[in-house]
Amino acid sequence: MPRPKQSGSSSYSSGQASYVLDRLIAERRISPGEINRYVGDMGREISDLEQKLARLREAHGGSGGYSGGGAEPVKRGPGRPPGRPPGRPPGRKPGRPGRPPGRPPGRPPGSGSVQTGVDSAAAKPGKRGRKKRSSITPEQLASRQLQGRYLALVRQFPANRRANFAKTAKEKGREAAIREMQDSLKK
């Protein structure tokens with residue numbers, strides 16, 4: 001069965017495909033009966049492909065012959081694949097920079113990330129990682145936003161002029177320094 005030409009990228013996630021299908025049904029562009037027909041066609045297409053594959057195997061000599069040798073492929077048991085040295089994960093090349101796999105030497109098993117400044121007796125058992133952030137006050141937020149505006153403006157000036165704006169910010173406040181910088185930029 002010939003396939004229609006596809007324009008653009010055809011790699012969609014399952015979530016995207018489900019969303020599009022739901023929209024098509026909602027907009028009555030496709031009916032549930034057509035969807036059932038396509039799902040039924042999947043089974044027929046699978047059996048057609050299996051028949052073609054069986055004919056190809058038969059024409060090739062009756063074996064699975066993936067390597068062309070005529071013998072069945074060897075099935076391996078569980079464990080590391082042959083030819084890979086121990087201690088190196090798949091895909092990692094020798095001499096490649098980065099952290100070696102496993103826990104760092106000298107650290108006991110089961111220890112998570114390093115907790116600096118936290119007493120191990122006071123730490124909750126089973127809890128690892130970052131400490132929960134506390135929310136900031138509206139005054140802190142306003143101060144940080146003002147500091148961001150100040151820094152964004154002061155970076156537009158050469159180093160020899162920045163000292164004057166820093167002096168203004170210290171004496172009269174950041175708002176005054178920001179107004180002064182904006183006036184300088186307009187000229």
Quiz item: Do you know which residues across the stretch 56-66 are at pLDDT 85 or above and exposed (fewer than 10 other Cβ atoms within 10 Å of the Cβ)?
Solution: A59
Self-check item: Residue that is modelled with the lowest pLDDT, among those in the stretch 1-18 that are closer than 22 Å to R44 by Cβ and open to solvent by less than 100 Å² (accessible area, probe 1.4 Å)
Solution: S10
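Listed here are the residues, each with its yes/no results for (1) within 30 Å of P108 (Cα to Cα); (2) surrounded by 10 or more Cβ atoms within 10 Å (Cβ to Cβ); (3) at pLDDT below 95; (4) of a type in the set (D, E, K, R).
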site	(1), (2), (3), (4)
P125	yes, no, yes, no
K132	yes, no, yes, yes
S135	no, no, yes, no
P138	no, no, yes, no
Y150	no, yes, no, no
P158	no, no, yes, no
R161	no, yes, yes, yes
A166	no, yes, yes, no
E171	no, no, no, yes
Exercise. Kindly indicate whether G69 is at pLDDT below 85 and at positive phi.
Key: no
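The values are calculated or read from the model by the stated rules, or taken from the named source; none is laboratory data. The model shown is predicted, which means the values in this text are computed figures rather than measured ones. FYI the Cβ positions are ideal-geometry reconstructions off the backbone, even for glycines, and counts take in every protein chain you see. These area figures cover heavy atoms from the full protein model, side chains too; ligands, DNA and RNA do not enter into them. Shrake-Rupley method; radii C 1.70, N 1.55, O 1.52, S 1.80 Å.
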